[in-house]
Amino acid sequence: MSSEALIEKYFRPGRLPHIWCPGCGNGIVTGCMVRAIDQLGLNKDDVAVVSGIGCSSRASGYLDFNTVHSAHGRALPVATGVKLGNPKLNVLVVTGDGDCTAIGGNHLIHAARRNIDLTVVLFNNSIYGMTGGQYSPMTPTGSKATTAPYATIEHDFNIVELVKAAGATFVARGTTFHAQQLVDLIKKGIEHKGFSLIECVSACPTSFGRQNKMGNADDMILWQRDHAVMAAAWDKLTEEQKAGKFPIGVLYEDNSRIEYTEAYDALIKRAQEAAK
């Protein structure tokens, strides 16, 4: 389907044009989500998109699905309620590195622990882009931000390892440079029965790029090309070769654990049998 047809089918025309800055990767990630949904042939009424607060979270307002633009950091508990209320829905959570791993961090680890069937699309631009360029838990150590003018000294989260340890059963990472791969990763996350998280490395030239002298939007997206390594090749690299780079692709998948809404339905049946 052409880009024009995708926009007409899946976006709310009255909400366009969007407010994202020129060169921002959020539009690419949103487009990848829409293409993934379209390629899976999902009915729009069978899809729910829940977002929190931040640049990335504005995506829910542009998309013509069942959508919720919730409070800061609260996308995951809202999405959990939506999924429990109607387990047949394909529920996607749109969130950013600050929204998801700072104020929403506790919700993240427990949603992963429960293995509830949500697909989290995490837009990682390494900074709080909308509220002034403060550093987030995923701002790389040594990077500058408005709240770290002499560079942050805090160690940044490896979100892949964090959610894996918390109990997520599908974890992947992609970039806006590798857009076609990102479509495929989001598709696999939606198809997976359990908690899925896809980290989407996305450029923020206006805030992160300027403060860290990374050049323009073109330079930042080429940085992704030069520093990402396909998962199949990652384990073959030496520790020296891995320095400054990161793996992309499906990084973890476990299909052995029961999904939360299925376990909850079984619990209800046990309670009903016990009450007879």
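If you wrap a convex hull around the Cα atoms of the chain, how much volume per residue is inside, in Å³?
Value for the chain: 137 Å³ per residue.
Taking the 0 to 90 degree range and rounding to the nearest ten, how far is the long axis of helix 75-85 tilted relative to the main principal axis of the chain, both from C-alpha atoms?
20 degrees
Report the dimensions of segment 22-177 along its three principal axes from the alpha-carbon atoms, largest first, rounded to Å.
The Cα atoms of segment 22-177 stretch 49, 36, 27 Å along their principal axes.
Using Cα atoms only, what is the angle between the long axis of helix 26-40 and the major principal axis of the chain, expressed in degrees (0 to 90) to the nearest 10?
Roughly 40 degrees, rounded to the nearest 10.
As a test question: what accessible area, to the nearest 10 Å², does Arg12 have when a 1.4 Å probe is rolled over all protein chains in place?
Looks like 70 Å² after rounding.
Using Cα pairs under 8 angstrom and six or more residues apart, how large is the relative contact order of segment 19-129, in percent?
25 percent
Need the C-alpha centroid separation for segment 1-15 versus segment 47-112, integer Å.
22 Å
Taking the Kirkwood radius as the inverse of the mean 1/r across Cα pairs, report the Rg/Rh of segment 135-215.
Here Rg/Rh amounts to 1.05.
Per DSSP H run of n ≥ 4, the term is -39500 (n - 2.57); total these for the chain, divide by its residue number, and report the mean residue ellipticity at 222 nm rounded to 500 deg cm²/dmol.
-11000 deg cm²/dmol
Working with all protein chains in place, sort Arg270, Arg58 by solvent-accessible area computed with a 1.4 Å probe, largest first.
So the residues, ranked largest to smallest area, are Arg270, Arg58.
Measuring with a 1.4 Å probe in the full set of protein chains, what accessible area per residue, in whole Å², belongs to the chain?
Using a 1.4 Å probe on heavy atoms only, each residue of the chain averages 47 Å².
How big is segment 1-61 on each of its three principal axes, counting only the C-alpha atoms and giving the largest first in Å?
Extents along the principal axes: 30, 25, 21 Å.
With charges only on Cβ, +1 for K and R and -1 for D and E, what is the dipole size of the chain about its Cα centre, in debye, rounded to 20?
440 debye
What are the chymotrypsin sites (Phe, Trp or Tyr not before Pro) within segment 99-165 that DSSP puts in a loop, where the Cβ has at most 15 other Cβ atoms within 10 Å?
Those that pass, being in a loop and sparsely packed, are Tyr150.
Once the Cα atoms of helix 105-114 and of the chain are each reduced to a long axis, what angle between those two axes, in degrees from 0 to 90 to the nearest 10, is obtained?
40 degrees
Given Leu267, His107, Ile198, which one lies farthest toward the positive end of the charge dipole of the chain, if we put +1 on the Cβ of every Lys and Arg and -1 on the Cβ of every Asp and Glu?
Final value for the positive-end residue is Leu267.
The values are calculated or read from the model by the stated rules, or taken from the named source; none is laboratory data. No experiment lies behind these values; they were computed from the predicted model shown. Reconstructed Cβ throughout: ideal geometry from the backbone, glycine too, with neighbour counts over all protein chains shown. Ligands, DNA and RNA are stripped out before the accessible areas are found, and what is left, the full protein with its side chains, is counted by its heavy atoms. Shrake-Rupley method; radii C 1.70, N 1.55, O 1.52, S 1.80 Å.
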